[in-house]
Amino acid sequence: MILCSVSLAIIFLALFIYGIKSGQFDDDESPAVRILLDSDQNQTNSNDDKTEQKKDNHNKVTT
């Protein structure tokens, strides 16, 4: 039983070290921040598009 536990621990340690060397844990904060920034940019872009559409519709009605 001890042999199984130690061998499993060694396997997990080897996988962890492989993950570190392959860059798995290099950028752990920016994806969460990127989601927030993309959401804000998309919201402002959609608001700008709506105001442009209103201007276009207003110009079409008055001409």
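The values are calculated or read from the model by the stated rules, or taken from the named source; none is laboratory data. This one's a predicted model, so the numbers in the text were calculated from it and none came from an experiment. Accessible surface areas use protein heavy atoms only, side chains included; no ligands, DNA or RNA. Shrake-Rupley method; radii C 1.70, N 1.55, O 1.52, S 1.80 Å.
So the values come out like this:
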quantity	calculated
Condition broken by residue 6, with the remaining ones in (1) of a type outside the set (Phe, Trp, Tyr); (2) at pLDDT below 75; (3) assigned to a helix (DSSP H, G or I) satisfied	(2)
Within segment 9-33, considering residues that are open to solvent by less than 90 Å² (accessible area, probe 1.4 Å) and polar (S, T, N, Q), the one modelled with the lowest pLDDT	30
